[in-house]
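Asker: One structure coming up, written as structure tokens, with questions to follow.
Each reported figure results from applying straightforward, stated rules to the coordinates on display, with no laboratory input. Since the structure is predicted, the reported quantities are computational estimates derived from the model, not experimental observations. Here the Cβ positions follow ideal geometry from the backbone for every residue, glycine too, while neighbour counts run over all protein chains shown.
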């Protein structure tokens, strides 16, 4: 059994500043020489980039459904063995979703720190904090932090609105210097922000002025939690190293950056050798047996992607040799013939799948999904602003948790030659056997391209 102070940073809703505060805490304690391990609750590719920069350590996801309780337990137990502090950023509001961040906190004894955007409230701050603490029984509670506060007088009003003064952990004033930039899918990836480190340092400096930021290691022990040992789901369930001798080339650059660290770990545990390439900069694939095109922002780089005809020819040769390609969301989008951006501009893409993709201003798909393959069921999620028009017929469809696939619901899995593609983002460790199958030659598709009427 390993024990460590563990805090879940939650909020009453999205947009309250959870990622900024989580990253600021990680940065503050890390630069003091403390060992911090950060996790993200729920499926999220973007926030972990900031957490990893702040903590200088890998960041993994925790989700009672997608990653599974055993996986969560194993990761928390391992982190507690080496860390002085564990931070878990919640998802949406504290009680939103099934399972919610509150469910995770209660299951593992994570003490909840509520971050509240108090910019437009005074006395109601206390009522909101009280409600968050008491809405569900037996919720471990750390306290509340007021974010985006206007002044010291405003902070004083907020503090005095609390029923229990001991729950006041401080106030952080609004400051553009510590704001993390956003775009349509969420936060901008930290590596694309020139002053990312400076923003985190400014946020850490602000937090250092609060009671929370001034706690010693001894004081943090009030939030100490014990984590029982439990082995993570083993890649061995897929058989003895089913990807041994397989080299997988993975696209990774500004356009293709939605990659879970746990998925890379899983592929390596299955025996694969991983190499990386940039569809924006490289003229050819590395020497490989299979290709993974993960999600990202092809819509922001459409001219460069379509203009890299040398890489397109390399991919075409890979497919012609019947070598597997697994394409997720943004990776799939680049394989179609045309990408239409929200301003109506049409950009030629690689044309290795028939059809076109159109970007929209509103979400077209969101939520947990599962994909059943002959080798088993992969869990994951979907999150996209585009739709596709293609003559391909789906070879399978995803379904929501505890639901059966429907002919006209869920995300399509398209299979064309050696390519399998979907908007579905897979969590490989949920079924390593099925994950391994994505990087092996597929059985002939159950459906063939048909010309749209």
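Asker: Determine the principal axes of the Cα atoms in the stretch 2-227, then give the extent along each, sorted from largest to smallest and rounded to whole angstroms.
Answerer: For the stretch 2-227, the Cα spread along each principal axis is 45, 44, 37 Å.
Asker: Moving on to the next point. Compute the long axis of helix 69-82 from its Cα atoms, compare it with the longest principal axis of the Cα atoms of the chain, and write down the angle in degrees, 0 to 90, nearest 10.
Answerer: Helix 69-82 sits roughly 60 degrees off the main axis of the chain.
Asker: Given labels modelled 7 Å from the Cα in the Cβ direction, how far is it in nm from residue 2 to residue 82?
Answerer: 0.8
Asker: For the chain, find the longest principal axis of its Cα atoms and tell me its angle to the long axis of helix 18-31, 0 to 90°, nearest 10.
Answerer: 70
Asker: If each residue's Cβ is checked for other Cβ atoms within 10 Å, how do 75, 362 rank with the fewest at the top? Display every interim value, and only then the final one.
Answerer: Values: 75 21, 362 6.
Going from least to most buried by this count: 362, 75.
Asker: Can you tell me the 0 to 90 degree angle between the C-alpha axis of helix 309-320 and the longest principal axis of the chain, rounded to 10?
Answerer: The helix 309-320 is inclined about 70 degrees to the chain.
Asker: How far apart, in nm, are two points set 7 Å out from the Cα along the Cα-to-Cβ line at residue 310 and at residue 174?
Answerer: Here the answer is 4.9 nm between the modelled labels.
Asker: Taking N as the number of residues in the stretch 235-437, what is its alpha-carbon radius of gyration divided by 2.2 N^0.38 Å? Spell out each step's value before the answer.
Answerer: On the way: Rg = 16.0 Å, N = 203, 2.2 N^0.38 = 16.6 Å.
Cα Rg divided by the expected 2.2 N^0.38 Å: 0.96.
Asker: Now, a different point. Across the stretch 1-73, how large is the tail of the calculated P(r) beyond 15 Å, expressed as a percent of all Cα pairs? Spell out each step's value before the answer.
Answerer: Details: 1504 of 2628 pairs.
Counting pairs separated by more than 15 Å, the tail of P(r) holds 57 percent.
Asker: Enter the per residue convex hull volume of the stretch 166-228, computed from alpha-carbon coordinates, in Å³ rounded to the nearest integer. Before the final figure, lay out the partial values.
Answerer: Details: hull volume 10.4 nm³, N = 63.
Expressed per residue, the convex hull around the Cα atoms of the stretch 166-228 is 165 Å³.
Asker: With N residues in the chain, what two-decimal value do you get for its Cα radius of gyration over 2.2 N^0.38 Å? Working shown, then result.
Answerer: Values: Rg = 22.9 Å, N = 453, 2.2 N^0.38 = 22.5 Å.
Expressed relative to 2.2 N^0.38 Å, the Cα Rg reads 1.02.
Asker: Based on the Kirkwood radius over alpha-carbon pairs, what value in µm²/s does the Stokes-Einstein equation return for the translational diffusion coefficient of the stretch 89-163 at 10 °C and 1.306 mPa s? Please report the intermediate quantities before stating the final value.
Answerer: Values: Rh = 12.9 Å.
D = 123 µm²/s.
Asker: While we're looking at this one, here's another question. With n ≥ 4 as the cut-off for DSSP H runs, can you work out [θ] at 222 nm for the chain, using -39500 (n - 2.57) per run divided by the number of residues, rounded to the nearest 500? Walk me through the numbers before you get to the answer.
Answerer: Numbers: 13 runs with 120 residues, N = 453.
Computed ellipticity for the chain at 222 nm equals -7500 deg cm²/dmol.
Asker: Give me the three principal axis extents of the stretch 289-375 from the C-alpha atoms, as integers in angstrom, largest value leading.
Answerer: 37, 35, 19
Asker: Let me ask something else about it. For the stretch 99-249, with equal point scatterers placed on the C-alpha atoms only and solvent neglected, what are the log10 I(q)/I(0) values from the Debye formula at q = 0.10, 0.19 1/Å, to two decimals?
Answerer: For the requested q values the scattering log ratios are -0.54, -1.24.
Asker: What does the extension gain come out to for residue 363 and residue 338, with contour length at 0.36 nm per residue minus their alpha carbon separation?
Answerer: On the way: separation 25, 0.36 × 25 = 9.00 nm, distance 1.97 nm.
Once the chain is fully extended between residue 363 and residue 338, it gains 7.0 nm.
Asker: Okay, next question. If R0 is 35 Å, what FRET efficiency do you get for residue 278 and residue 35 from their C-beta distance, rounded to 0.05? Could you put the intermediate results ahead of the total?
Answerer: On the way: r = 33 Å, r/R0 = 0.93.
Efficiency at R0 = 35 Å is approximately 0.60.
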